[in-house]
Each structure stands twice: as structure tokens, then as C-alpha cells.
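For reference, the structure discussed in these notes is given below.
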Amino acid sequence: MLPAKASANDVGVYFATARGYDEAEGVTLQPQRSGRADFRITDKPPAGCVAVAAIVQPDKLVLCVDKFILSDERDKVQAVAAALSRGYEQAQLEPDEAAQAMQGMDATAVEDAAPTWTAGAEHFGQLKPGPGRDPLY
């Protein structure tokens, strides 16, 4: 589940699916903006959703997963996080191509957003320790 309003911070998800990074990890990402989902990209994880990776540093936008999915299907969670990591890292290197993967996205917006995905972090996805967080990296 993506935030209700589209932004350049969504591009890594679309790039991961366009390039098949999700399938290479053994999962299939299906980006959507409403409905039920095991995984969410959000600035405020709802109750029962555990943050597992930062999308925008420092923890301004996170990937969270239902706590039961995290407990029961940790391999799946790690695969989703790995696919997204690859999607966002590659989008930093190829902003024009990443923007094309998310139809209607401007490459300049991707270039502007890309540094925030890893700013001050040792690697993409790094979370600060704290309650409601279970870093996979």
C-alpha cells in the first residue's frame, strides 16, 4: 500500500516491479493506494504495523508490515525489503528510467527526492532503533 497521494518517493516500488526485482526475490509487488495490504509505505504506521525499513531518512517514510506477517513470514518480509532496496538504489542511479516506470512522474522530481532515501544512513532502509521498529538490515 502506497500513500494516498503519489510522489517521487513511490518510484522505487514501481521500478522494482518494472525491472522484476520483486520476482527475482520470489515475491510479487502489487502497488496500490487503497484497500487492505500486508505491507505499507507510510509516515505513521498504524497499530500492529511494524516498521522494517526507512524509505525517506531519517525514518520520515517507512515500510511497515503487519506484525503477524513479520513473525510468521519473515523470509517474505526480507524479500520485499530486498526488492524495494534494489528498486530505490537503482532509481538513484537511473532517475530517468525510474520516472518512466511510474507513469506521469517527472525525472527531476525523482532526482530531487533520491538523496533523501539514503541521507545520513549507512545504506538504504536503515532505521533508527526504537519502539515499533524491527530493522531487517
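The values are calculated or read from the model by the stated rules, or taken from the named source; none is laboratory data. Treat the numbers as computed from the prediction; the structure is a model and nothing was measured. Every residue, glycine among them, receives a Cβ derived from its backbone with ideal geometry; neighbour counts consider all protein chains shown.
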Quiz item: Residues in the stretch 70-123 that are in contact with a strand residue (DSSP E or B) (Cβ under 8 Å, 6 or more places away or on another chain) and of a type outside the set (G, A, S): how many?
Solution: 7
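Evaluate the following for A47: is it of a type in the set (G, A, S), free of Cβ contacts under 8 Å to residues at least 12 places away in the same chain and surrounded by fewer than 19 Cβ atoms within 10 Å (Cβ to Cβ)?
On the way: of a type in the set (G, A, S): yes; free of Cβ contacts under 8 Å to residues at least 12 places away in the same chain: yes; surrounded by fewer than 19 Cβ atoms within 10 Å (Cβ to Cβ): yes.
Judged against the criteria, A47 is a match.
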Quiz item: Which condition number in (1) within 20 Å of T116 (Cβ to Cβ); (2) in a helix (DSSP H, G or I); (3) touching a Ser or Thr at 6+ places or on another chain (Cβ under 8 Å) is the one that D22 fails?
Solution: (1)
Quiz item: Among the residues of the stretch 79-94, is there at least one that is within 19 Å of Q32 (Cα to Cα), of a type in the set (S, T, N, Q), at pLDDT 95 or above and assigned to a helix (DSSP H, G or I)?
Solution: yes
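Going by the conditions given, is T108 buried (at least 17 other Cβ atoms within 10 Å of the Cβ) and farther than 21 Å from G26 by Cα? Give the derivation first.
On the way: buried (at least 17 other Cβ atoms within 10 Å of the Cβ): no; farther than 21 Å from G26 by Cα: yes.
Judged against the criteria, T108 is not a match.
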Quiz item: Given (1) assigned to a loop (DSSP other than H, G, I, E, B); (2) surrounded by 19 or more Cβ atoms within 10 Å (Cβ to Cβ); (3) not small (G, A, S), where does Y14 come up short, assuming only one miss?
Solution: (1)
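Matching residues to (1) touching a Pro at 6+ places or on another chain (Cβ under 9 Å); (2) closer than 19 Å to A16 by Cβ:
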{"site": "S71", "(1), (2)": "no, no"}
{"site": "A91", "(1), (2)": "no, yes"}
{"site": "Q100", "(1), (2)": "no, yes"}
{"site": "G120", "(1), (2)": "yes, no"}
{"site": "P129", "(1), (2)": "yes, no"}
Exercise. Give the number of residues within the stretch 1-54 that are within 13 Å of the chain's Cα centre (by Cα) and under 17 Å from A99 (Cβ atoms).
Key: 14
Quiz item: Can you name the residue in the stretch 17-44 that is in contact with a helix residue (DSSP H, G or I) (Cβ under 8 Å, 6 or more places away or on another chain) and of a type in the set (A, V, I, L, M) and is also surrounded by the fewest Cβ atoms within 10 Å (Cβ to Cβ) among such residues?
Solution: A24
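Go through the stretch 112-137 and report how many residues are over 14 Å from the mean Cα position of the chain (by Cα) and either among the aromatic types (F, W, Y) or within 12 Å of S7 (Cα to Cα) (or both).
Filtering the stretch 112-137 down to residues over 14 Å from the mean Cα position of the chain (by Cα) leaves 112, 115, 119-122, 128-134.
Going one step further and asking which of them are either among the aromatic types (F, W, Y) or within 12 Å of S7 (Cα to Cα) (or both), we end up with 112.
The total comes to 1.
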Quiz prompt | Selected residue (criterion: nearest to L84 (Cα to Cα)) from residues of the stretch 18-60 that are at pLDDT below 95 and aliphatic (A, V, I, L, M) | solution = A37
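Answer with yes or no whether D59 is more than 19 Å from Q126 (Cα to Cα), under 13 Å from the mean Cα position of the chain (by Cα) and in contact (Cβ under 8 Å) with a residue 24 or more places away in the chain. Break it down stepwise before answering.
On the way: more than 19 Å from Q126 (Cα to Cα): no; under 13 Å from the mean Cα position of the chain (by Cα): yes; in contact (Cβ under 8 Å) with a residue 24 or more places away in the chain: yes.
No.
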Exercise. Say whether the condition of being free of Cβ contacts under 8 Å to residues at least 40 places away in the same chain and either crowded, with 20+ Cβ neighbours inside 10 Å or farther than 21 Å from D134 by Cβ (or both) is met by at least one residue in the stretch 65-79.
Key: yes
